[in-house]
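Here's the structure, in structure tokens; my notes come after.
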Amino acid sequence: MAGIIKTSINLNAIPKDKIIQGKKGKYLPITITVNDEPDQFGNQGPVVVDQTKEERDAKAPKTYLGNCKVVWTNGTFPDRIPYDGAAAPPPKVEKQEEDLPF
């Protein structure tokens, strides 16, 4: 585990048309953004309802559900996991010590 993010969301802000009926229940696709610096209230990022590509292209306003805080980390952040045919992130290259005398 690389970290724990704590958040709460405003259930009244959930747009009913964004709820997806799945095999095991109802789901709301969300996005949590973790910023480098906290805001004036100590929050490290917003929690928003996912947007479709069309909504993003049209610059539709985001539906904010709440904020998040990182409450624990081991000092690393996990790599992006590819999905929907997206390319995998490049492999990590560790710096190697050179064996040259000059």
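Has region 11-19 got any residue that is part of a loop (DSSP other than H, G, I, E, B), open to solvent by less than 90 Å² (accessible area, probe 1.4 Å) and among the charged types (D, E, K, R)? Scanning region 11-19 turns up no residue that is part of a loop (DSSP other than H, G, I, E, B), open to solvent by less than 90 Å² (accessible area, probe 1.4 Å) and among the charged types (D, E, K, R). Just one of (1) within 21 Å of Gly3 (Cβ to Cβ); (2) open to solvent by less than 50 Å² (accessible area, probe 1.4 Å); (3) at pLDDT below 95 fails for Ala86. It is (1). Considered as a group, the residues in region 1-10 that are assigned to a loop (DSSP other than H, G, I, E, B) and touching a strand residue (DSSP E or B) at 6+ places or on another chain (Cβ under 7 Å) include one that is farthest from Phe77 (Cα to Cα), and that residue is Asn10.
Conditions tested, residue by residue: (1) in contact with a Lys or Arg (Cβ under 8 Å, 6 or more places away or on another chain); (2) open to solvent by 70 Å² or more (accessible area, probe 1.4 Å); (3) among the small types (Gly, Ala, Ser).
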site	(1), (2), (3)
Thr7	yes, no, no
Gly22	no, no, yes
Lys26	no, yes, no
Gln44	yes, no, no
Gln51	yes, no, no
Arg56	no, yes, no
Trp72	no, yes, no
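The values are calculated or read from the model by the stated rules, or taken from the named source; none is laboratory data. Just so we're clear, the structure is a prediction, and the values are computed from it rather than from any experiment. Using ideal geometry, Cβ is built from the backbone for each residue, glycine included, and neighbour counts are taken over all protein chains shown. The protein model used for the area step is the full one, side chains on, heavy atoms only, and it has no ligands, DNA or RNA in it. Shrake-Rupley method; radii C 1.70, N 1.55, O 1.52, S 1.80 Å.
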